[in-house]
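Q: My questions will all concern the structure given below.
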Amino acid sequence: MSESIRSQMEHDRRWLRDQEGKEQPDDLLRALDQIFLPPSAAQTAAAVERTAQAVAAETERALYYDVIEAPLVGKLNLALSSRGLYALTFGGSEAEFAARLQRAGERSVIRDPVRVRAAADQIRSYLAGLRETIDIPVDMSGMTEFQRQVLGAVRDVPRGRHITYGELAQRIGRPHAARAVGRALGSNPMPIVIPCHRVLAADGSLGGYSGHGGVRTKRALLQLEGAL
């Protein structure tokens, strides 16, 4: 600190004491010190730590996405959180997908092919018939408890097999909730990875499919897996 600043501080201290004829409160003098004195090493380190924590928190909440081309489904949009795959759609536009992610909460939504690449490569290889499993963690934090039960049970249906909506309802202990199960499957935020295409109608017909291409895509996925 320069000699001129020190001199000015001392002058200000004397002036304040002279105004009342007594020592000024310590908090006022500390305030003056904060104005004129440079931050200490400890204060600088604390500020750096707070900044790092804020950046880490924002990174933790951010959603990273990319748009790729994949066999069977064409254009595919996928997004990851720090916990795993957060959303996947195919056939829709990038703008619609990004807007959907924004509506999911107050998060940064960033297109980042590098962060998404490993998951994208797995899905693309699966749809090309080059691998038989997709080993990607999924983030179910945005789902209701019922959705987590239904979609968690669907993940346990192995490749090449299928079950009915009623059987799935029984698996989660809700034997009379086949319709609710169907609605939960229809809102599946990450089809293919959570294989809702493996759930059929009670008569063995394909039933519905909310993914792009509808039943045609559902049939293609089941044929890829050897279930038809």
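Q: Take the conditions more than 30 Å from L63 (Cβ to Cβ) and either of a type in the set (D, E) or assigned to a strand (DSSP E or B) (or both) and apply them to D203. Does it pass?
A: Against the criterion (more than 30 Å from L63 (Cβ to Cβ) and either of a type in the set (D, E) or assigned to a strand (DSSP E or B) (or both)), D203 qualifies.
Q: In addition: Restricting to the stretch 56-83, and then to whatever is open to solvent by 60 Å² or more (accessible area, probe 1.4 Å) and outside any helix (DSSP H, G or I), can you tell me which residue is modelled with the lowest pLDDT?
A: Applying the filter and picking the extreme gives L72.
Q: Let me ask something additional. Out of the residues in the stretch 141-180 that are open to solvent by less than 40 Å² (accessible area, probe 1.4 Å) and part of a loop (DSSP other than H, G, I, E, B), which is nearest to G226 (Cα to Cα)?
A: Taking the candidates together, the pick is G160.
Q: A further question follows. Could you check, for the stretch 184-191, whether at least one of its residues is within 16 Å of the chain's Cα centre (by Cα), open to solvent by 30 Å² or more (accessible area, probe 1.4 Å) and polar (S, T, N, Q)?
A: The answer is no; no qualifying residue exists.
The values are calculated or read from the model by the stated rules, or taken from the named source; none is laboratory data. Treat the numbers as computed from the prediction; the structure is a model and nothing was measured. All Cβ positions, even for glycine, are placed from backbone atoms using ideal geometry, and neighbour counts span all protein chains on display. Surface areas here come from the heavy atoms of the whole protein model, side chains and all, with no ligands, DNA or RNA. Shrake-Rupley method; radii C 1.70, N 1.55, O 1.52, S 1.80 Å.
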